[in-house]
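Read-outs throughout are calculated quantities, based only on the coordinates presented, and are distinct from any laboratory measurement. As the structure is a computational prediction, the values presented were derived from the model and not from experiment. Cβ: placed from backbone, ideal geometry, glycine included. Neighbour counts: every protein chain shown.
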Amino acid sequence: MDLKQLLRQDFDIDFPISGGFGNSLDNAIYIHRQNPNDYTSVEYGILKCLGYGRNIEWKLIQQSTLHHNGKTLDQLKIETRKTTEDEIITQIENYYFDISECVDF
């Protein structure tokens, strides 16, 4: 099952996406252009659902635009925080979104 199907199944939200899970440049989440062209809200919506599904809090540390293999990508670097009975676990994660269709027109 792909990410689009998982998010629709778990949260009943039909994001305009295809592609990968966003965990690397070559496995980016592809965002399809819509009207209005608010791809940033799609990115944040996906991260919100993933955080909720993983039972973590997160905050954006950095957002950068990259070019890789002829594609335009948004890299969102987040700090995640998971609280257990004994500890608070924080880590840094990167998510990659292919926004070529949204910006290269």
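Quick check: the angle from helix 39-54's long axis to the longest principal axis of the chain, C-alpha only, nearest 10 degrees?
Taking Cα atoms only, the helix is inclined about 30 degrees.
How many percent of all Cα-Cα pairs in the chain sit more than 25 Å apart?
I get 19 percent for the Cα pairs in the chain exceeding 25 Å.
Can you show me the helix-derived [θ] at 222 nm for the chain, built from DSSP H runs with n ≥ 4 at -39,500 (n - 2.57) apiece and divided by the number of residues, rounded to the nearest 500.
-8000 deg cm²/dmol
Sorting F97, F21 on the 10 Å Cβ count, fewest up front, what's the list?
So the residues, fewest neighbours to most, are F21, F97.
Output the relative contact order of segment 3-103, whole-number percent, from Cα pairs under 8 angstrom with separation of 6+ residues.
Dividing the mean separation by the residue count of segment 3-103 yields 27 percent.
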